[in-house]
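Worksheet: one structure, shown below.
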Amino acid sequence: MTDLLDIRNLSIRFKGKRTVHAINDVSLSMKQGETLALLGESGSGKSVTLKALLGLLPPKRTEIKGAVHVNGTDVLSLSGKALQRYRGGEVSMVFQEPALALDPVYTVGHQIAEAVMRHKGLSKADAMSIALDMLDRVRIPSANRRLHNYPHELSGGMRQRVMIALALACRPRLLLADEPTTALDATVQVQILLLLRELQKEFGMGVIFVTHDIGVAVEISERVAVMYAGQIVEEGTTREIIRDGRHPYTQGLLAANLHDVARGERLTAIPGAPPALETRPEACSFAPRCPYAVAACRADLPPVICPSERRRVACLRAEAPMAAE
Amino acid sequence: MLTYLLRRLILVLPVAFGVSVICFLLVQIAPGDPLTAIMPVDATAEEQSAMRAAYGLDKPLPVQYAIWIGNLVQGDMGKSIATGRPVAAEVFGAVQNSLLLAVSAAVIAFPIGIFLGFLAGYFRDIWIDRAVTAVSIAGVSVPNYWLGIVLVIIFSVNLGWLPSMGAGPGGSSEWQWNWLHMRHLILPAVTLAVVPIGIVARTVRALAGDILTQDFVQALYAKGMSRADVLRHVARNAAATALSVMGLQLGYLLGGSILIETVFNWPGSGFLLSNAIFQRDLPLLQGTILVLALFFVAMNLIVDVAQAAIDPRIQRT
């Protein structure tokens, strides 16, 4: 069976007044039905990667190198009608802010039905009944009435459920979720996470879950890829990352977690800020903030070490499991 | 929706009352005595006060207002001091002509303005946008009476293609739908359309440009919508605001075309108004202003209701 997703040596550069090397030599693969958390702080290139997967980056200002295949389709070469069929049909996306990602002047039912009509070629009435079914599946109470509501008439959690219903209506093989719980209340966040996990099992699709919250990543995904400065610095199963995170950045993220911190104790944080990415990185991007950095880290790109199958770490010191120093 | 409509209609009543008071008082503030215009220079004081009494101008203002409004609701707007003809007939004839001119200008201006605005908003910050912006700034800034005169010089005087004056052959003010009459409409309507083209284009450009940067546009592309679909969504989002601007513009076209009607000798309300002002013809002046103002109120009502019908976020209860 072909891999669900295969990204090879993807580099993305934004041109304009300021050049930004947003993604630098990223490779990533996913099997059918896998859930992957893309973990990293703001500006690490998570969202840019997702947008590249949907061909949503403005072509005039972006320079994309490398290859992206979804179910064997060469995504970067798609255009016109083929790109429209692929977007929302093969791969779809749940956005961070459901309040902004839904059109305010159309009913939610119409917005779901619109996508169904386009992809399945159904009549308006049939598409509306699919929309109704989808609202039921995302556990929206009295879906029949909600179908004719406008986005502003729904709560934040309801809107995100609608967004999920919209994304899943055409049964995509891969769902991209761009921090889908960040804009929501804490209690609603958990509900949405559980919903996504259930729907993933129900529909059997692959999910890429972008988040900066390691707790969320653990909750939802089988595998984790940690991004820093437009690169994947570590990848592995969620268990491996939690138990045996080898990259100093991963360790920093784990240590910065708020759980198990006693009151009054100082919170652990990673010192410094991520680089501006105006030039292509020539050495380890994390070295300036890394407590273990040595001269070699600043001289050359770090080697990618593969301790086991589908597990890799881009760090000089990752050869052996790191003992606490 | 029906209760909303009713509520809006009821709210119109106090506005209309306020408008009528202002129309009545404004004219009183204006300097000059209407009687001097029609009385012979050597009229005696008795003759003057007799005339004053005949027009009811000797009574206190509140009484004058009460009489005026009382007659008004019965459809009687009084008689013109200058011509002696009923004001209602004069005003409605003129307003009809003005409406014809205003609607023609709107029919020219709105589609062009919307199209240019959309184009500029979509192709923001490249030459198309700059060209449209230049055109709309020019449209808003050029004094349209000057433009009218220039067009007359070019198309009437030099080329001789179109007539320069009046609403019909031989100075007739009775409108008919035939080429002989429509030729007279072209120059004033085009001249009048220039300002609203600029204003509508600028409004639509700002709206479209703003809406296109919103997240939901990317979300629409992400679910596989075509460019035409996305533009349809953008248009629906822009419609409510664009409509209110166009409604107001139509009001301005009707009431604000005094200069153009004067340049082209168009027998409309602006023309009537300027004559009434120069002749201190109080009943005619009051009547004309009132009808124009009420038209504005009606325009606002229509725009509000249409907006509520298009944009679900506007309260309808």
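Data overview
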read-out: Leading residue at positive end of dipole, the protein assembly as shown (Cβ point charges), from B:Ile197, B:Thr288, A:Pro58; value: A:Pro58
read-out: Helix axis angle, B:282-310 relative to chain B longest principal axis, alpha carbon, degrees; value: 20 degrees
read-out: Backbone HN-Hα couplings from phi across region A:12-28 [Karplus 6.51/-1.76/1.60, Hz, Gly and Pro as x]; value: 10, 10, 8, 9, x, 4, 10, 7, 10, 8, 6, 10, 10, 6, 9, 10, 7
read-out: Equivalent ellipsoid semi-axes - Cα gyration tensor, region A:100-171, angstrom; value: 17, 12, 11
read-out: Sorted by Cβ neighbour density within 10 Å, fewest at the top, the residues B:Glu47, A:Glu235; value: B:Glu47, A:Glu235
read-out: For chain A, built as a Gaussian network whose Cα springs stay under 10 Å, the top-fluctuating residue of A:Ala186, A:Ala287, A:Ala37; value: A:Ala186
read-out: GNM top mover of B:Pro111, B:Pro196, B:Pro267 - chain B, alpha-carbon springs below 10 Å; value: B:Pro111
read-out: For residues of B:209-222, the mean tally of beta carbons on other chains within 10 Å; value: 6
read-out: Total formal charge among the other residues, if their Cβ is under 11 angstrom from that of A:Ala127, Lys/Arg +1 and Asp/Glu -1; value: 0
read-out: Residue-by-residue Karplus 3J(HN,Hα) for region A:171-188, coefficients 6.51, -1.76, 1.60, Hz, glycine and proline x; value: 6, x, 7, 9, 10, 9, 10, 8, 6, x, 10, 4, 8, 10, 5, 4, 5, 5
read-out: Protection proxy ranking, peptides A:46-53, A:279-286, average beta carbon neighbours within 10 Å, highest first; value: A:46-53, A:279-286
read-out: Order by protection proxy (mean Cβ within 10 Å, highest first), peptides B:283-291, B:131-139, B:240-248; value: B:283-291, B:240-248, B:131-139
read-out: Shielding score for A:79-90, defined as the mean number of other chain Cβ atoms within 10 Å; value: 3
read-out: Folded to 0 to 90 degrees: helix A:108-120 orientation relative to chain A principal axis, Cα; value: 80 degrees
read-out: Residue among A:Ile12, A:Ile164, A:Ile270 with the largest mean-square fluctuation in a Gaussian network model of chain A, springs linking Cα atoms under 10 Å; value: A:Ile270
read-out: Antiparallel bridges, percent of DSSP beta bridges restricted to the protein assembly as shown (to nearest 5); value: 60 percent
read-out: Orientation-averaged projected area, Cα convex hull of chain A (nm²); value: 18.3 nm²
read-out: Leading residue at positive end of dipole, the protein assembly as shown (Cβ point charges), from A:Ala101, B:Asn237, A:Gly121; value: A:Gly121
read-out: Local electrostatic count at A:Val70 - Lys and Arg +1, Asp and Glu -1, tallied over other residues with Cβ under 12 Å; value: -2
read-out: Over 18 Å between alpha carbons, listed pairs A:Lys201/B:Lys223; A:Lys17/A:Lys60; A:Lys15/A:Lys51; A:Lys15/A:Lys60; value: A:Lys201/B:Lys223
read-out: Partner chain coverage, peptide B:228-237 - average Cβ within 10 angstrom; value: 2
read-out: Likely footprinting exposure, B:Val303, B:Val194, fewest C-beta neighbours within 10 Å first; value: B:Val303, B:Val194
read-out: Packing-based exposure ordering (other Cβ within 10 Å, fewest first) of A:Ile7, B:Ile154; value: B:Ile154, A:Ile7
read-out: Over region A:100-171, relative contact order from alpha-carbon pairs under 8 Å, at least 6 apart, %; value: 42 percent
read-out: J(HN,Hα) series, region A:150-155, from Karplus relation 6.51 cos²θ - 1.76 cosθ + 1.60, nearest Hz, glycine and proline x; value: 8, x, 5, 8, 10, 7
read-out: Over region A:49-204, volume per residue of the alpha carbon convex hull, in Å³; value: 123 Å³
read-out: Principal axis box of region B:92-310, alpha-carbon based, largest edge first, Å; value: 64, 41, 31
read-out: Cβ-defined net charge surrounding B:Gln64, 14 Å radius [Lys, Arg +1; Asp, Glu -1]; value: +1
read-out: 0 to 90° range, to nearest 10: angle between helix B:127-141 axis and chain B longest Cα axis; value: 10 degrees
read-out: Value of relative contact order over chain B, rounded to a whole percent, pairs C-alpha under 8 Å and six or more apart; value: 28 percent
read-out: Long-range HN-HN contacts of A:Val233 with modeled amide H, under 5 Å; value: A:Val226, A:Met227, A:Tyr228
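Since every read-out is calculated from the coordinates, none of them should be taken as a lab result. Because the structure is predicted, anything quoted here is derived from the model rather than measured. All Cβ positions, glycine included, derive from the backbone under ideal geometry; neighbour counts span all protein chains shown.
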